[in-house]
Amino acid sequence: MLTPMDNQNLFVALRAAFPADLDQVAIECADGPAASHPAGASYRWCDLERGTAMLANLLASLNLPDGSRVAVQTEKSVEALMLYLAVLRAGHVFLPLNTAYQAAEIEYFIGNAEPAVVVCSPKNFAWVSRIAFSAGTQQVFTLGEARDGSLLDRAAHFSDQHEPVARQADDLAAILYTSGTTGRSKGAMLSHGNLLSNARTLKAYWDWQPDDVLVHALPIFHVHGLFVAIHGALLNGSKMIWFGRFDPRAVIARLPEATVFMGVPTLYVRMLAEATLTREACRRMRVFISGSAPLLVETFDAWTERTGHTLLERYGMSETVMLTSNPCRAADGPRRRGTVGPALPGVGLRVRDDAGQPCKSGEIGQIQVSGPNVFAGYWRMPEKTEEEFTADGWFKTGDVGHIDADGYVTIVGRSKDLIISGGYNVYPAEIESVINELPGVAESAVIGVPHADFGEAVVAVLVARPGAAIDPAAMIAGLKGQIANFKVPKRVFVVDDLPRNAMGKVQKNLLREQHQGLFQQPVAPPAP
Ligand code: MCA
Ligand code: AMP
């Protein structure tokens, strides 16, 4: 029997870090309906405490079985964040879903995860509830951006007192779906212990200070915005300036009140295109952190020159949360451009050649990791889980890189066929299978090519069936209703044949070379 003292529920640790004065502002909304709401643009720590208690009590009233999943596809809002915390608090498993996902994608996630509860935007209720009810989900609530929807209406009837449900470190806290190189997406199972150990490591390594203020401008359905940024601020009792959407100019305008910012490289590229990004605007900032996709050295250098701040690049995965980071404190070492820094304290990171033998310092190979942050496996996919771990228990990241003599890691590529566009992952195999089903398509190859804004952009090259006429623009328009918009190819090319090697394998490197100049025009800075 667990006593409250050894309840390892992540919520308990986050709650314990709230400031003593719960009337202080915890979250200030900088945009969207909440910012102009008559009840105020600010949420105090006591609002988070009470709001999560009411939502947790609503979940408790549903008498869900242990380990129930709560799937959530809603716009970003503070209430959506409270829902995440309430799911932890109630001891259930949080399953966040990108708002860009379309019906077929949602159908797969709900069918695979079998959530007991689904929460969606009011505007999507008709189609999401149809999918959820036919998959056996009992409860579908709505939550809108403007504090609207059935979830809050129902929660309003419950007590604002709630004792967090006891959880062990190994108990499941969240499932994050990540696409697979072959086949369908896999749900990475993250435990309370995975998330808390990583959050504590980052709090110490990034040297969170008592007066830190975080500008939060990332989506809250992936690891970066949901775990790295939110856990960081909550575990430090720090205020967040909260943006529902990333608007570079609006974010820069709030930097003078902040000390910490986290973003994918596209966010830094877009802020650099603003004339208002100056040393003066960043005068109070302590650290700018970049991750989720490779940061170009040009962006790194331009940021230093413009703001006087050296970007801190780190590296992680949905399956592992954060793995490496450039140092924050000067005493821990310099931040090296082009590297993702050393392995975080407590994280094991090694590089192996294709035969599984250790690589020497500086030698390129497969990156493998271990540690308390590494997930337990893929939801209901024991074979996939086994494939992705070595016999001695290290997780194969699918990233390729090297470690130098000082322990700094450089990622040079990926053994997995993956495109990272604006910080979102796109698996070519998934897009090819959708395109190959379209009328008139014989076969296709999907590649990532350099893009000045998104880092990489999705491009499809396809062969038409004999006699079929394919209109690339119509195909792109049609795909937008079928798959998440960030996965839709920015360009489609129809060719006679795909280049193949002697083994018959499509030579994607040739296609990438051929199309590499497509989107290289830098984004023009708008007039100030
Ligand atoms: C939007 N569009 C995109 C992307 N985002 N196209 C390609 N890649 C994208 N990422 C397209 C839309 O399809 C649309 O096209 C047009 O851009 C405008 O859409 P909108 O939604 O207005 O775009 P935006 O608001 O400007 O969004 C861009 C963004 C966003 C702010 C960069 O993509 C974003 O927030 N990215 C962050 C992703 C993130 O948090 N990743 C962390 C994953 P059309 O007009 O043709 O329809 S966690 C992770 O990777 C790990 C573990 C880690 O290490 O952190
Ligand atoms: P996800 O599937 O969203 O968990 O994405 C994880 C992948 O993002 C990693 O396996 C890397 O390929 C990539 N990634 C994350 N951070 C970085 C970074 N700083 N530099 C290069 N790639 C990164």
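The values are calculated or read from the model by the stated rules, or taken from the named source; none is laboratory data. If you're wondering where the values come from, they're calculated on a predicted model, not measured in any experiment. Here the Cβ is made from the backbone with ideal geometry for all residues, glycine too, and neighbour counts use every protein chain on show. Remember, those area values only see protein heavy atoms, side chains included, never the ligands or the DNA or RNA. Shrake-Rupley method; radii C 1.70, N 1.55, O 1.52, S 1.80 Å.
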Q: Quick one: which residues, 5 or more positions from Asp453 or on another chain, have an amide H under 5 Å from its amide H? H modelled 1.01 Å from N in the peptide plane, none for Pro or chain starts.
A: none
Q | Solvent-accessible heavy-atom area per residue, rounded to whole Å², over the chain at 1.4 Å | A | 41 Å²
Q) What accessible area, in Å² to the nearest ten, does a 1.4 Å probe give for Ser433? A) 60 Å²
Q. So what's the chain giving for Rg/Rh, alpha carbon basis, Kirkwood Rh from the mean inverse pair distance?
A. 0.95
Q: Provide the three semi-axes, in whole Å and in decreasing order, of the ellipsoid equivalent to region 42-99 as defined by the square roots of 5 times the Cα gyration tensor eigenvalues.
A: 19, 16, 7
Q | q = 0.09, 0.12, 0.17 Å⁻¹: log10 I(q)/I(0) that the Debye formula gives for region 81-214, counting C-alpha atoms only | A | -0.34, -0.60, -1.10
Q. Which cross-chain or sequence-distant (5 or more) residues have an amide H under 5 Å from the amide H of Asp31, H modelled 1.01 Å from N in plane?
A. Gly244
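Can you pull the Kirkwood radius for region 1-101, inverse mean 1/r over Cα pairs, to one decimal in Å? Intermediate results must be reported in sequence, preceding the final value.
Working: mean 1/r = 0.0671 Å⁻¹.
The answer is 14.9 Å.
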Q) Using 18 Å as the cut-off for backbone N distance, which residues of region 287-305 belong to the label zone defined by a point 7 Å from the Cα of Thr278 along Cα→Cβ? A) 303-305
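Would you calculate, for the chain, the mean residue ellipticity at 222 nm contributed by helices, counting each DSSP H stretch of 4 or more residues as -39,500 (n - 2.57) and dividing by all residues, to the nearest 500?
So the calculated ellipticity at 222 nm is -8000 deg cm²/dmol.
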Q | Amide H within-cut-off set for Gly377, under 5 Å, with H built and near neighbours excluded | A | Met189
Q: Of all alpha-carbon pairs in region 190-336, indicate the percentage at a distance above 25 angstrom.
A: 20 percent
Q. In nm, what is the difference between 0.36 nm times the number of residues separating Ala376 and Val495 and their Cα-Cα distance?
A. 38.5 nm
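To the nearest 0.05, what FRET efficiency results for Arg512 and Thr304 with a Förster distance of 35 Å applied to their C-beta separation?
Values: r = 30 Å, r/R0 = 0.85.
It comes out at approximately 0.75.
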Q. For the chain, what % of the accessible area comes from carbon and sulfur atoms, probe 1.4 Å?
A. 53 percent
Q. Going out from 0 in 5 Å bins, what whole percent of all Cα-Cα distances in region 99-162 drops into each bin?
A. 4, 18, 26, 22, 16, 9, 5, 1
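Can you pull the Rg over Rh of region 239-323, Cα-only, Kirkwood?
Numbers: Rg = 12.6 Å, Rh = 13.2 Å.
Rounded to two decimals, Rg over Rh is 0.95.
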Q | Alpha carbon centroid spacing (whole Å) that separates region 139-179 from region 342-376 | A | 36 Å
Q | Rg in Å to one decimal, and Dmax rounded to a whole Å, for region 376-478 via C-alpha atoms | A | 18.2, 60
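Ordering Arg306, Arg352, Arg337 from largest to smallest accessible area (1.4 angstrom probe), what's the sequence? If you can, show how the numbers build up before the last one.
On the way: Arg306 80, Arg352 40, Arg337 120 Å².
The most accessible residue leads, giving Arg337, Arg306, Arg352.
For region 415-528, what class follows from the C-alpha gyration tensor (a ≥ b ≥ c being the square roots of its eigenvalues): rounded when a/c is under 1.5, otherwise prolate if a/b is larger than b/c, else oblate? Walk me through the intermediate numbers first.
On the way: a/c = 1.76, a/b = 1.40, b/c = 1.26.
It comes out prolate by the Cα gyration axes.
Taking the highest mean first, how do the peptides 221-234, 245-258 order by number of other beta carbon atoms within 10 angstrom per residue? Kindly include the intermediate steps, with their values, before the conclusion.
Details: 221-234: 23.2, 245-258: 17.5.
For the peptides 221-234, 245-258, the packing ranking is 221-234, 245-258.
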Q | Using θ = phi - 60° and Karplus 6.51 cos²θ - 1.76 cosθ + 1.60, couplings along region 135-151 (whole Hz; Gly, Pro as x) | A | 8, x, 5, 8, 10, 10, 10, 10, 9, x, 5, 9, 6, 9, x, 6, 4
Q | Karplus (6.51, -1.76, 1.60) ³J(HN,Hα), θ = phi - 60°, over region 236-251, in Hz, Gly and Pro reported as x | A | 9, x, 9, 6, 10, 9, 10, 10, x, 9, 7, 10, x, 5, 5, 5
Q: Could you tell me the distance between the Cα centroids of region 59-128 and region 284-300, to the nearest Å?
A: 31 Å
